[in-house]
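All remarks here apply to the structure that follows.
Laboratory data are not the source of any read-out in this text; all were calculated from the coordinates shown. Note that the structure is predicted; figures quoted are calculated from it, not measured. Cβ atoms come from the backbone with ideal geometry, glycine included; neighbour counts cover every protein chain shown.
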């Protein structure tokens, strides 16, 4: 049987070779890269007999990102890392000064216009790497939907995770989850591993089955680049938030999203069944949406939040004094406090460039005796932290 | 306003640079690649001042795939193609003999384990390139669902396109659409441009609003690589169809798919609302499923079909004599003929390696006076033809 299949494979593969002229790839087939070794080190390999220099750039290297030299033997360049903690890591190769992806690694993610390879290190059940891994558990679905936004005057794309068992009936709570500047509606599902995190937490009974809604937070865009009629443009950082600056805010257009959810999905239609969270710019969206609609959400999560994004374009210069002087903010925070959400959660890394702004905001909340829960950990403005914050926050809500 | 946004952008971009060390990418930002010129030629550009050689591999080059030398000036390598017909094209660069993607082009597709950049050439409204382009028309949704397959003993992932307006009510017809060997449930949506083709045909009134179901045709796999618990393996050609060979066929497990559709979606539950089609191996699946369940489908489409895939692992050696000698096949084709499907459509390119097998099969059908519609065009076993066949077939069904 196998032999006969092989005949078929050879016939078709010969066609593919004509199409693709993949000789370069084929000669690499014996090479494994990356290889996660038993001791937690990771070996990278690249066949590049003509290269003068080859390096690996990795976010696991000192400083949260750097290059390490690879060594050549018989045309194969190799680098083995130090033992790595359980986590999802990104890397690419630099050959003769030119960035390129690892031809042996099928797994990519996109950050704005650039691609990275990634891999997962896991040491034991329940660690971060394990949580981001696809396991043999019931999987939720992901719907890529187009909803009507009359407020923005456009059709817009968003991704909606529904948990395993959603189709068996019942009403489900909803987490609205916002991406950061440079991201789009695919960011949380892609490098954010939101589907894997939710599948695994729900399967272990650590999180309630919930719907997770991931809209596009760039108010001038209908969708991720390439999925709408703007053409196959090269996305650039902040292009949909600043060029031109949108005239409608996330908080103004948010009701279109909630309306779509509550008319198309089996959801709990009150504050007990609504949570909102987001990272960086999306933390600013969370801040803005939650105070714009006090009493709408029982659970609010600010992840490395650009707190004042959305109320003040000058937000990087905002400090405790300007917060205290903002009368509208004061009224809104008072109203939110009066509405008594069950959880107002703030998470940030201690080297985040938004740390001092978050600290000012916490002082402001303290002065108002506004109750919140605070989580601080190592690291900066990075996905490692945002995946972690989602993991923590998801276990605290709807309980 | 813009200035203030810029301040914010600079702060955050400085963080990104620390994370990504994107100096290589940043220095390329002034370069546009690829650029589709007014005369239909396409210019490719690559910044690679240290390269000794640089080439572009493209499926638009003679023979359906080949390399062309780029020329260097001031560290920028350039190649301009001949004028190209309206179509979607794939390419990558080869620098010092090493394949790499175009750092200026965000648009990739994956073929098994290898990635290609792509671009679209369109000259006028209604041509192939135009049809594969995202336009400002109502968009259908794409659901990534997990369905239960008791026959295969696993949860399995499939993609389901629902047309714009699906949520407004009514019952919709369903096209079951199978991928080829080496593909997975994402193939038709990805390089097959199925969502764009359907969006555009439906918006122009050329095709009926329909649901398109894209299951995974590899019976040993639950999902595309990386989306199931097998881990982050490197996919290889036919690995899920031959290693080990599955013991359950597509036609045996197909009822699980149809059952899911008919219990979860608003569909027409009779033959008038069911079509099935597929390419290559998926053409074999279409052949097998349609004769296994005569009367189930009114519309059947075989695209460059590996006709006997699924009934005979030795299918490449199958010829007119062996077809005539197959008693089970004879009974099934007679039963299918008696069931009178409205359309049995066969499409193939005149240089396809499966051309002679398809010719034998047509002769066999002629001898049985089995009615079918036949479409032959230029080219081989390639996506250019499969997108075209879907376009033609989709306009013929449910009418």
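What the table shows:
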{"quantity": "FRET efficiency for residue A:334 and residue A:38, using Cβ-Cβ distance with R0 set to 51 Å, rounded to 0.05", "calculated": "0.35"}
{"quantity": "Angle between chain A longest axis and helix A:281-292 axis [Cα atoms, degrees, rounded to 10]", "calculated": "20 degrees"}
{"quantity": "Segment B:86-113 and segment B:342-399: distance between their alpha carbon centers, rounded to Å", "calculated": "30 Å"}
{"quantity": "Span from the segment B:184-198 Cα centroid across to the segment B:240-256 one, whole angstrom", "calculated": "22 Å"}
{"quantity": "Most mobile of A:246, A:62, A:138 in a GNM of chain A (Cα contacts under 10 Å)", "calculated": "A:62"}
{"quantity": "Helix-only [θ]222 nm of chain B, DSSP H runs n ≥ 4, -39500 (n - 2.57) each, per residue, nearest 500", "calculated": "-8500 deg cm²/dmol"}
{"quantity": "Radius, Kirkwood style, for segment B:245-395 when every pair of distinct Cα atoms is counted (Å)", "calculated": "15.7 Å"}
{"quantity": "Relative contact order %, segment A:261-399, counting alpha carbon pairs below 8 Å whose residues are six or more apart", "calculated": "24 percent"}
{"quantity": "Value of D in µm² per second that Stokes-Einstein yields for segment B:75-159, Kirkwood Rh from Cα pairs, at 20 °C (1.002 mPa s)", "calculated": "129 µm²/s"}
{"quantity": "Fraction of beta bridges assigned by DSSP in the protein assembly as shown that are antiparallel (%, nearest 5)", "calculated": "65 percent"}
{"quantity": "Pseudo-label separations to other copies for residue A:236 - Cα-to-Cβ vector, 7 Å, nm", "calculated": "4.4"}
{"quantity": "Kirkwood hydrodynamic radius of the protein assembly as shown, Cα pairs, Å", "calculated": "27.9 Å"}
{"quantity": "Estimated Rh, segment B:20-130: Kirkwood, alpha-carbon pairs, angstrom", "calculated": "14.5 Å"}
{"quantity": "With Cα atoms, 0 to 90° folded angle of helix A:194-203 axis to chain A main axis", "calculated": "80 degrees"}
{"quantity": "All-pairs Cα distance distribution in segment A:107-221, expressed in whole percent, bin size 10 Å", "calculated": "13, 39, 34, 12, 1"}
{"quantity": "Inter-label distance, nm, simple model (7 Å from Cα along the C-beta direction), residue B:80/residue B:171", "calculated": "5.8 nm"}
{"quantity": "Ranked packing of A:377-390, B:349-362, B:268-281, most packed first, by mean Cβ within 10 Å", "calculated": "B:268-281, A:377-390, B:349-362"}
{"quantity": "Nm distances between copies for residue B:396, ranked from closest, using label points 7 Å along Cα→Cβ", "calculated": "6.0"}
{"quantity": "Cα point-scatterer Debye curve for segment B:178-315, base-10 log of I(q)/I(0) at q = 0.19, 0.20, 0.21 Å⁻¹", "calculated": "-1.23, -1.34, -1.45"}
{"quantity": "Measure of compaction for segment A:137-394 (Cα Rg per 2.2 N^0.38 Å)", "calculated": "0.96"}
{"quantity": "Over chain B, relative contact order from alpha-carbon pairs under 8 Å, at least 6 apart, %", "calculated": "11 percent"}
{"quantity": "DSSP bridge pairs, chain B: antiparallel proportion in percent, nearest 5", "calculated": "65 percent"}
{"quantity": "Copies compared at residue A:334 - label distances in nm, ascending, label defined 7 Å from Cα in the Cβ direction", "calculated": "8.9"}
{"quantity": "In nm, spacing of pseudo-spin labels at residue A:53 and residue A:266 (7 Å Cα→C-beta vector)", "calculated": "6.0 nm"}
{"quantity": "Nearest 10 degrees, 0 to 90: helix B:383-394 Cα axis against chain B principal axis", "calculated": "50 degrees"}
